[in-house]
Amino acid sequence: MKQDGLPGALPLDDETLGNLKRAKATTKPGKLATSPKKARGILGGAEAIRLLEDITQAIIESPDLPSALQVALEKVCKATGWSYGEVWIPQPGGAVVKCHAAWHRKSKSLGTFLKATRRMTPSLGVGLVGRVWASQQPEWIANISGEPGSRLLRAPLARESGLRAGFALPLVAGGEVLAVFVFFLAAAQKENQQAGALVATVAHQLGSFIQRQRAEEALRRANEGLEAEVRKRTNKFQETNTTLRAEVRDRQRAEETLRQERNFISTILGTVDALVVVLDLEGRIVYFNRACEQATGYTFEEVRGQPFWELLLVPEEREPVKKVFQELRLRALPNQFENLWVGKNGERRRIAWSNNVFRDEKGDVVHVIGTGIDITERHQALEAVRENEATIRALLEATSQSILAVDAEGRIVLANSVTEKIFGYPSEEIIGRPLEILLPKTLWERHARHRAGYFSQPRTRPMCPGLELVGRRRDGTEFPVEVGLSYIQTKQGMLAVSFLSDITERKRAEEALRESEEKFRVLAESMAAALIIIQGDRIRYVNPATEGLTGYTRDELLTMHYWDYIHPEFREIVRQRGLARQRGEPVPSRYEQKIITKKGEERWFDFTAGLTTFEGKPAGLGTAFDITERKRAEEELRHSDSRTRALLNAIPDLMFRYRTDGTYLDFHAHDPSELAIAPEVIVGSTIYQLPLPRDIIDRLMAVSRKAMETSQVQTVEYDVNLPAGTNTYEARIVASGDDELVAIVRNITERRRAEEELSAAAAALRKSRENLQALTAQLISAREEETKHLARELHDVFSQRLAVLGMETAGVEQRFVCSDPACCKTLHDIGEEIGSLAKDVHQLSRKLHPSILDDLGLTAALRAECGDFSRQHSIPVQFEPVHVPESLPGPVSLGLYRIAQESLRNVGRHAGATVVRVSLDGSGGAIRLSVEDNGCGFDFGQIKGRRGLGLVSMEERVRLAEGSIAVRSQPGAGTTIEVRIPLSRSER
């Protein structure tokens, strides 16, 4: 087997070195002798030793790798008579190799050969160098003359240079090729194992040099990278700390806003009359508001986690509702639906649902929400309305508006009595006539087009100024009307329904109001303060100052809710107060609030609000002054004080701020008793006034100067002798300005004491463990010697004496065979007992120390032990030896035999097994023993901590052999004991 890094290396064990040194002693000192053998690379023992010593010393003295390679090649070639040598090293990336060093005898042709070599960069598997690099095995070319160019890329040039033979050898470490050594000879030559071993030994020395240089370079780069990473992480920590503080403040504000919003939503859902139910993706109920409880009679706790459709729906509607649910869950498209709910008391109620989904932060649907209106009564009312058309007609007549129904041709099919009063036409006179008779002639053509467009796209239009028209009475007078449109479907087709109001008086009032508002607008436009008018939830008017303060244009503000630009912290209270003020409820008229401008900037307003009317309706009027700068100054001062106070209170260490001359400017002490001088005199004092030894003060000042020069944190530890003992302190010093420093001082006495005690305890524990292991080894060795001696005594003395006694008893029995049968019978029984006793003594002797182990080896001893166990316990034993070395070290053989013996003894006592398998495997550089049974097994965890001496003895024997042992067992699944002991090359 080839060792890692030295294929075919010269074995330099003690015996070889001794022979070489003796050969060296018989060789006269001086230059290496030249001989035909030298030309073939064959050296005597003394020459090889001297060459290796020279190369080793040269490598040690070499300043770098190229120098070491060059001197090694030169010495090897000169000592062996070889013409040319070179070293190839894989390049970064591992794609090609490059000639790193070369030496040749003085020759113009070899110089040309070297120049061609330096231009080559073979890849893995290409040419002689590439093949050796890929295979990691040496290769010898006995005659270059017969080599093709594919096997030796430089074959033609080598022949021209007078090179006839060559070989390449890889230097391997850790499975990686560090270099490939190549040598060429001037004469053809068959493979020379001694030459390869010599080069491999030299390569081993160079490999150590290469690995050491690599390790030093890697360590240097690692140190540089570590220093850069420390600086980078320190800066990053400071940036992150600043960012984190800001994020914490923002998160606290956001969490408070979220809490208020959740409370607000929970309050709304708990008080609204609408039914709100939330389902998970399996259709189970996860929320059920108060309205749902009232409608069904179930409490939320009763329905939580229940399937929605199984609990609340009538059977015939369950499947349709499930389909709607699945469509909503998968496509997330809101929908509307009606179904019947069955309450706890069996009552059925019709619910109209509007359904939507909740999404998580990733956009995935997580819940389905349904908002429902109980339309049971409305449904019943509609049924009643359909049954009572007279009541509907009465309602039409009771309204204050003119109501007209028109078909697609524009003919009037319905008119209430208010129409008669407004237009002066009796109902019977206008029924069936075109609607245009109620309009001026100038509008007839345009109205006909509008009517056609409406019937093609009907929709409900509420009354608003945008739908104002002019009506014409029977007497020809014209007046303004406001129109609202709707439509109904009948059996005869669609009808357009118009709701008309005479707004003559309102128009007069609006004109007067418009004049008043114009005066107000002129005043508002010139104000420096923001002025806002809100009506309902919308902004109806803003002056130019509002645009400047918020950053929004007038058009943008008029499309917003009045609370949209309010900071979330104040948004809800502003919304509530604005609506309450318009309802006439008492609310504060002046308060401070924050807004968010269009650019995202937060600004503070001093806001004053009152109640007014706008376009004839109640509205809120507010003025606001920007007080952001004042608030910012107040907040900054408050935050600065609180941050500083909280930070100092949280630090248990001493802190000092001082100048570079040692004068103290400020300090913090969580426990004033830790100060070296009175707290009231620290500020203004200098470090030289502290009751500290001068050498400590000088060290602290030197570290302070270094902190100022480097702008980096500097750490220093020092001891102070006190009456109660010596305390150790750690000071971390950092520059905080051009002439100021901050020092954080911590008492680390207990930490230092704990570290020292821990180190001493660990050393004592290691020493105790080593002593215990040594004692255990001595006990096992003494026990084996004693049992071996006892076994020899039993076999050589007691067994022989019992044999003699048995023969003498048999002789006496023969003399009494006829004269005294009873005595003869007694003597025969005694002889049988003596024979049985001799057999037991022999068996006991073999168990104490089997001589077969010393005579025939481990395999034969284990086979005999398995046979005896099988005969004694009537349990079949399968013994399987594989690749077991013929000779093993005595301690290894004895240890494995004892482990197998103890394992079989445990099987016979406890396992209740029906078959046992024992295997012994010597492949893979180790000897492995496995004892496996199919018995009752045991729970290894239950016996942990109370193992018997047998298992402890096994573990100790394995440890002494530097091996490993594994015990696997489960109740009812048998037990397996596996032992592995590594073998050296000579033992395999």
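What follows draws every value from the coordinates through simple rules; no lab data is involved. Just so you know, these numbers come straight off a predicted model, no measurement behind them. For neighbour counting, all protein chains shown are included, and Cβ atoms are generated from backbone atoms with ideal geometry for every residue, glycine included.
The table for this structure:
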item: Loop-resident sites, segment 138-220, for trypsin sites (Lys or Arg not before Pro), counting at most 14 other Cβ within 10 Å (DSSP); result: ARG151, LYS190
item: Order of MET708, MET494 under a 10 Å beta carbon neighbour criterion, fewest first; result: MET494, MET708
item: 3J(HN,Hα) from dihedral phi, segment 725-740, Karplus parametrisation 6.51/-1.76/1.60, rounded to Hz, x for glycine, proline; result: x, 9, 9, 10, 10, 10, 10, 10, 10, 9, 6, 10, x, 5, 9, 10
item: Rounded, prolate or oblate (a/c below 1.5 giving rounded, otherwise prolate when a/b exceeds b/c) for segment 471-616 by Cα gyration tensor; result: prolate
item: Over segment 508-631, relative contact order from alpha-carbon pairs under 8 Å, at least 6 apart, %; result: 24
item: Cβ-based exposure ranking for SER456, SER893, SER354, in which fewest neighbours within 10 Å come first; result: SER456, SER354, SER893
item: Convex hull volume of segment 100-192 per residue (C-alpha atoms, cubic angstrom); result: 96
item: Flagged links, alpha-carbon separation over 25 Å, of LYS362/LYS594; LYS232/LYS599; LYS236/LYS599; LYS75/LYS190; LYS519/LYS599; LYS421/LYS507; result: LYS362/LYS594; LYS232/LYS599; LYS236/LYS599; LYS519/LYS599
item: Three-way shape call for segment 272-381 based on the alpha-carbon gyration tensor, with the a/c threshold at 1.5; result: prolate
item: Coarse-grained scattering of segment 58-139 at q = 0.12 Å⁻¹, given as base-10 log I(q)/I(0) from a Debye sum over alpha-carbon atoms; result: -0.39
item: Other-chain or far-sequence residues with amide H under 5 Å of ARG164's (modelled H); result: LEU185, ALA186, ALA187
item: From phi via Karplus (6.51, -1.76, 1.60), per-residue ³J(HN,Hα) for segment 710-720 in Hz, x at Gly/Pro; result: 9, 6, 10, 5, 10, 10, 9, 10, 8, 9, 10
item: Span from the segment 517-560 Cα centroid across to the segment 110-185 one, whole angstrom; result: 91
item: Gyration tensor (alpha-carbon) shape descriptor, segment 175-328, a/c threshold 1.5; result: oblate
item: Local electrostatic count at PRO876 - Lys and Arg +1, Asp and Glu -1, tallied over other residues with Cβ under 15 Å; result: -2
item: Cleavage-rule hits (GluC sites (Glu not before Pro)) in segment 398-442: DSSP loop, at most 15 neighbouring Cβ within 10 angstrom; result: GLU409
item: Segment 389-502 - percent relative contact order, Cα under 8 Å, separation 6 or more; result: 27
item: Computed over segment 856-987, Cα set: Rg, Dmax in Å; result: 14.3, 42
item: Taking TYR425, TYR562, TYR591 and counting other C-beta atoms within 10 Å, the order from fewest to most; result: TYR591, TYR425, TYR562
item: Principal axis dimensions, largest first and in whole angstrom, of segment 651-741 by Cα; result: 38, 25, 25
item: Loop-located trypsin sites (Lys or Arg not before Pro) in segment 577-624, at most 15 other Cβ atoms within 10 Å (DSSP); result: ARG583, LYS598, LYS599
item: Amide H contacts of PHE879 (H built 1.01 Å from N, under 5 Å, at least 5 apart or other chain); result: VAL918
item: Value in Å of the Kirkwood radius, where segment 389-502 supplies the Cα pairs that are averaged; result: 14.3
item: Amide H partners (placed H, <5 Å) of SER62, local residues excluded; result: none
